Amino acid sequence: MRLILILFVTSNLTLQGQHLTHREWLIQSFRDMRLAPAFGGRAKNPEQLASDSAFVAQMLAVNPDPHACAEHLLDLGFGLLREGDLVHAMYRFNHAYLMEPKNPRIRRGYGAFFVALDRPDEAASEYQKGLALDTANVPLLMDMASVCLGEYYKYKDDEPEKAERVLTTADILLKRAVALEPENATAGSKYAVSRLLLGECADAWKWYRSSRSRDPEAIEAGFLGTLQAHCQEGGPADGTR
């Protein structure tokens, strides 16, 4: 049974990675609900429901813990996403949804899928759904903040007011993340970025140093140079935004 299940779950891993554009995804997900997050909330026919039940039963026959099964499927999905196989990544995320629909990490998977499609609004929507399930989920807080920071850079020249709003949102999310996990170097490094962009020099330096001491790899390349150039230690920001 274990071998059968492994073959069933990983049978598509050797296929050529299936890249998608957003338009292609819209067309394909309309035809195939397995490509829509949480199956698009669509009603399933008896054959589809029976297939879902059989899949869940096979997974639980190997491991009776639904959470462990969901996490395994999510790991497969994120791996496929890194390889650029968006189609099979979404299949795996939806398989995880069958096992544990309220697992907030599933929404991280859906969000990452839309980030790969360069659709930040859809990604943010999925992250918000995940945070509705777990308001203290630090990875989701960081994911959402990353989308907001990306939007800040997108809008800062042409729509400064909108840029200011998304930057403030990112800063609030990251403040909560570091409050929940002050030892998290990645969260701290992102918070240093938002603090710098908001002109909060002392905080920017504080979180830069804190994160670097815990994990130098967590610091974005070139950040120190930007910090030194635009935010004198102990002084005001120098037009960073």
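Residue 21 - would you say it is polar (S, T, N, Q), at pLDDT below 95 and closer than 25 Å to residue 144 by Cβ? Taking the combined requirement at face value, the residue satisfies it.
Pairs meeting the criteria (first residue in region 60-78 and in contact (Cβ under 8 Å) with a residue 60 or more places away in the chain, second residue assigned to a helix (DSSP H, G or I) and loosely packed, with under 15 Cβ neighbours inside 10 Å, beta carbons under 9 Å, at least 6 apart or on different chains) are 61/2; 62/2; 62/6; 76/10. Within the group 231, 148, which residue is at pLDDT 95 or above and buried (at least 19 other Cβ atoms within 10 Å of the Cβ)? It is 148. A single member of 63, 45, 94 is among the polar types (S, T, N, Q), buried (at least 17 other Cβ atoms within 10 Å of the Cβ) and modelled with pLDDT of 95 or more, and it is 94. Answer yes or no as to whether residue 166 is closer than 30 Å to residue 22 by Cβ, touching a helix residue (DSSP H, G or I) at 6+ places or on another chain (Cβ under 7 Å), among the aliphatic types (A, V, I, L, M) and not assigned by TED's automatic domain parsing to the domain that holds residue 24. Here the answer is yes, as residue 166 does meet what is asked.
Being surrounded by fewer than 23 Cβ atoms within 10 Å (Cβ to Cβ) and part of a helix (DSSP H, G or I) holds for only one residue in 163, 70, and it is 163. Within region 207-222, is there a residue that is surrounded by 18 or more Cβ atoms within 10 Å (Cβ to Cβ), at pLDDT 90 or above and outside any helix (DSSP H, G or I)? Yes - at least one qualifying residue is present in region 207-222.
Of all the residues in region 166-184, those that are within 20 Å of residue 105 (Cα to Cα) and either in a helix (DSSP H, G or I) or of a type in the set (D, E, K, R) (or both) number 8. Only one of the numbered conditions (1) more than 18 Å from residue 130 (Cβ to Cβ); (2) of a type outside the set (Ser, Thr, Tyr); (3) free of Cβ contacts under 8 Å to residues at least 24 places away in the same chain is not met by residue 167, and that is (3).
Only one entry of 213, 189 meets the criterion of being over 26 Å from residue 128 (Cβ atoms) and outside the structural domain of residue 114 (by TED's automatic domain parsing), and that entry is 213. The residues of region 36-67 that are assigned to a helix (DSSP H, G or I) and more than 27 Å from the chain's Cα centre (by Cα), listed by number, are 46, 47, 48, 49, 50, 51, 53, 54, 57, 58, 61, 62.
The values are calculated or read from the model by the stated rules, or taken from the named source; none is laboratory data. Values in this document were obtained by computation on a predicted structure and should not be read as measured data. Don't worry about glycine lacking a Cβ; one is built from the backbone with ideal geometry, like all the others, and counts go over all protein chains shown.
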